[in-house]
Amino acid sequence: MMMSKIEPVFAALVLACLQSFVLPDAQGDALFSLRTSLNSSPNQLKDWNPNQVNPCTWSNVNCDPNNNVVSVTLSNIGFSGILSPKLGALKNLQTLSLEGNGITGEIPKEFGNLTVLSTLNLENNNLTGEIPASLGNMNNLQFLILNNNNLSGTIPESLSSLSSLISLQLGTNALTGQIPERLFNVPKYNFTGNHLNCGVNLPHQCAPDNDGPKSKPKLGIIVGVVGGLIILVLLGGLLYFICKRRHKGKREVFVDVAGEVDRRIAFGQLRRFLWRELQLATDNFSETNVLGQGGFGKVYKGVLSDNTKVAVKRLTDYERPGGDAAFQREVEMISVAVHRNLLRLIGFCTTPTERLLVYPFMQNLSVAYRLREIKPGEPVLDWSTRKQVALGTARGLEYLHEHCNPKIIHRDVKAANVLLDEDFEAVVGDFGLAKLVDVRRTNVTTQVRGTMGHIAPEYLSTGKSSERTDVFGYGIMLLELVTGQRAIDFSRLEEEDDVLLLDHVKKLEREKRLDAIVDSNLNDGYNIQEVEMMIKVALLCTQGSPEDRPLMSEVVRMLEGEGLAERWEEWQNVEVNRREEYERLQRRFDWGEDSVYNQDAIELSGGR
């Protein structure tokens, strides 16, 4: 009797267990439907098993800790089928990259259900039909990349409602009609290679092709445009002649407009290197060509086939969430930051297992090398060059913080990451740790990354970084320039307790022993008033509270001689008050040499 009651329950449990192993969940069903619709061969995506419940173990798929699919990257694999509308069921999908295949058919309107998607990359396929108006429902979309397809019809007005959109790439399709005016507010856009009506403004980025329909302009507009072009050509020729004579033999100088991102800079202008090219350029990544090494990989000296010298950074964090799409997105945004004091990105290379960045080779290596690692016979950095490096670095960081949209936080400012060109001009490099920041947010919480001794205290304790964390690192770099010393030096333990360079300098500054601060390699070749000025700027930049630190634009002005005295006086008053409070506490508790309280620890807990 008992068995007869148990058997049906047991059978039901067995059936449920079997179904859990056999039937895929909604995510697995959607992904397997994509594999089928793409005409995947038996050797492609062979681990996408319909009998495996959890698709998070499948290749080219990334999930969050709750086993939600957040990224699908199937780039340059060679599919020939169509897109499955079932992908609209992946409610947590953030990145979908299917570029570089031969995918045909239309973009499913169900893609509009992917409301948390931030990147949709379908470029370099054979897609047809119209851009679905439902894509306007993707409120978190930042990158919509549909270049080089056969899409037709008009651009949906609904795309204008995508307030998060950073890059809209619709070039080289068969689109027609009027471009919604609000789309010209997107930071980066590309409408070229279509038959579009750009409206009265007619920006050059969306001018119609030669075969496209053209409106019949009035005569006065033609005369005005031609006359304007003639004037521009004459002025350009005169400016070129003057600059060539004045800067003969100098490096190229980039011209940037404060507060404006140059929309003409397109991702396609970056060179996409083949793995074999960089392998040959670096002699198979020989250890003899290593220029430096950090937490994100090694940097190799290389020579391209046209004898161009380059620095190739081989990243080691290529398996981070988002994979190839995330890497390319970061590369695209960082490439927009063009300034004479920022390292220019030449190109990149991606494979299933490699991510590489290619930069110009900096002949004079890094500031850290010139301060502490020079070989016998090589000249040290003189004081004039150090001042030039301080100002150039400040201007580069000011551009990242205040003239890029979104702003860019470097997160590892130090002498080793400031490079020197052939004229010993500072070039801020190593954006491996850089973070793109939404201007509507005041800080970003992330994994703490950087170099000890250069990391701001609030970043180390809370993981919250902002442009003020860069200001702190810059202040430590100024101290490196003045002293020639490292940010942390345990050899100082033999003489004093100040392992940190910041503490060491603050102590000597209080004792008015500025001569003991200056790098001994400078001998007497420096101006003590200028040293004092640079020390003051450094101490203002390294205050314990991020709100008290100056902006980089303020740092630039102080280095140029404006506003330092007033700011220093305010800081001195704060320091005096803090010390008086500390001494009052000492008297109150009558601490002596034999006290059980650790006075040094309390001192260190105060403002720094």
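The values are calculated or read from the model by the stated rules, or taken from the named source; none is laboratory data. Since the model is a prediction, treat every value here as computed from it, not as a measurement. Backbone-built Cβ (ideal geometry, glycine too); neighbour counts: all protein chains shown.
Of all residues in segment 407-426, those satisfying the criterion of being among the acidic types (Asp, Glu) and touching a helix residue (DSSP H, G or I) at 6+ places or on another chain (Cβ under 7 Å) are 412, 425. Looking only at segment 61-87, count how many residues are surrounded by fewer than 17 Cβ atoms within 10 Å (Cβ to Cβ) and either part of a strand (DSSP E or B) or in contact with a Cys (Cβ under 8 Å, 6 or more places away or on another chain) (or both). Residues in segment 61-87 being surrounded by fewer than 17 Cβ atoms within 10 Å (Cβ to Cβ) and either part of a strand (DSSP E or B) or in contact with a Cys (Cβ under 8 Å, 6 or more places away or on another chain) (or both): 1 in total.
List pairs: first residue in segment 513-527 and surrounded by fewer than 16 Cβ atoms within 10 Å (Cβ to Cβ), second residue basic (Lys, Arg) and in a loop (DSSP other than H, G, I, E, B) anywhere in the structure, Cβ distance under 6 angstrom, at least six positions apart or on different chains. Sorted first by the residue in segment 513-527, then by its partner, the list stays empty. Of the residues making up segment 378-427, those that are hydrophobic (A, V, I, L, M, F, W, C), more than 18 Å from residue 454 (Cα to Cα) and in a loop (DSSP other than H, G, I, E, B) are 380, 381, 404, 424.
Which residue, of 135, 127, 93, is more than 17 Å from residue 74 (Cβ to Cβ) and buried (at least 18 other Cβ atoms within 10 Å of the Cβ)?
After applying the criteria, what remains is 135.
Within segment 144-163, residues that are surrounded by fewer than 21 Cβ atoms within 10 Å (Cβ to Cβ) reach partners that are assigned to a loop (DSSP other than H, G, I, E, B) and among the hydrophobic types (A, V, I, L, M, F, W, C) with beta carbons closer than 8 Å, at six or more positions or on different chains, in the pairs 150/127; 153/131; 156/131.
Any idea which of 69, 116 is in contact with a strand residue (DSSP E or B) (Cβ under 6 Å, 6 or more places away or on another chain), closer than 27 Å to residue 48 by Cα and in the same structural domain as residue 48 (by TED's automatic domain parsing)?
On the way: 116 fails: in contact with a strand residue (DSSP E or B) (Cβ under 6 Å, 6 or more places away or on another chain).
69 is the lone residue from the list that is in contact with a strand residue (DSSP E or B) (Cβ under 6 Å, 6 or more places away or on another chain), closer than 27 Å to residue 48 by Cα and in the same structural domain as residue 48 (by TED's automatic domain parsing).
Collect the residues in segment 275-304 that are of a type outside the set (D, E, K, R) and free of Cβ contacts under 8 Å to residues at least 12 places away in the same chain, keeping them in residue-number order. Result: 279, 284, 288, 290, 293.
Count of segment 415-444 residues, restricted to those that are over 15 Å from the mean Cα position of the chain (by Cα) and either surrounded by 24 or more Cβ atoms within 10 Å (Cβ to Cβ) or at pLDDT 55 or above (or both), is 12. Cβ-Cβ distances below 6 Å connect the following pairs, each with a first residue in segment 29-46 that is assigned by TED's automatic domain parsing to the domain that holds residue 87 and on the phi > 0 side of the Ramachandran plot, a second residue that is loosely packed, with under 15 Cβ neighbours inside 10 Å and of a type in the set (Gly, Ala, Ser), and a separation of six or more residues or different chains: 39/80.
The single residue among 595, 553, 520 that is within 19 Å of residue 469 (Cα to Cα) and either at pLDDT 85 or above or not assigned by TED's automatic domain parsing to the domain that holds residue 459 (or both) turns out to be 553.
Can you tell me which residue among 462, 542 is among the polar types (S, T, N, Q) and touching a residue at least 60 places away in the same chain (Cβ under 8 Å)?
Going through 462, 542 in turn, the sole match is 542.
Taking into account only those residues within segment 103-124 that are hydroxyl-bearing (Ser, Thr, Tyr) and surrounded by 16 or more Cβ atoms within 10 Å (Cβ to Cβ), which is nearest to residue 169 (Cα to Cα)? Please lay out each step first, then the result.
Of the residues in segment 103-124, the ones hydroxyl-bearing (Ser, Thr, Tyr) are 104, 115, 118-119.
Filter once more, so that each one left must be surrounded by 16 or more Cβ atoms within 10 Å (Cβ to Cβ): 104, 118-119.
Values: 104: 19, 118: 14, 119: 12 Å.
Residue satisfying both the conditions and the ranking: 119.
Given segment 90-199, what strands (runs of 3 or more DSSP E) lie entirely inside it while holding 1 or more residues that are within 30 Å of residue 63 (Cβ to Cβ)? Don't jump to the end; show me each part of the working.
Details: elements: 95-97, 119-121, 143-145, 167-169, 174-178, 188-190, 195-197.
The qualifying strands (runs of 3 or more DSSP E) are 95-97, 119-121, 143-145, 167-169, 188-190.
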